[in-house]
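The structure appears right after this line, and notes come after that.
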Amino acid sequence: MKGPTRLDRAVEVTLTSGLAASGLLLVLGLLLGRQDLMRWGIVLLMLTPVARVVIVTIGLFARREVVFGGISLWILVVLMTSLAVSLRF
């Protein structure tokens, strides 16, 4: 069985660091009673899957997997649109 690729590792690091930073901001916001920290924690949590899709899209195009890269790019557009709409409200 083959081990994780560089792309797998990059995705893992992105998701782990995004979740850790978001959790830290949320906990600090709760402990300090600061809504701005909590708001940034939520925004960072929302951006974590977007960052994952960006990493995967770049990796797929780097591997010259154009079809899957295009699908991933479409998913990125959908995520960014929904994020922009949710941040407006």
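Bear in mind that the values in this text are calculations on the coordinates, not laboratory data. Just so it is clear, the structure is predicted and the values come from calculations on it, not from any experiment. As a convention, Cβ positions derive from the backbone with ideal geometry for all residues, glycine included, and neighbour counts pool all protein chains shown.
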Kirkwood hydrodynamic radius of the chain, from inverse mean 1/r over distinct Cα pairs, in Å: 14.4 Å
Qualifying trypsin sites (Lys or Arg not before Pro) in region 4-89, DSSP loop, other Cβ atoms within 10 Å at most 13: R34, R63, R64
Gaussian network model of the chain, springs between alpha carbon atoms under 10 Å - residue of V43, V53, V11 with greatest fluctuation: V43
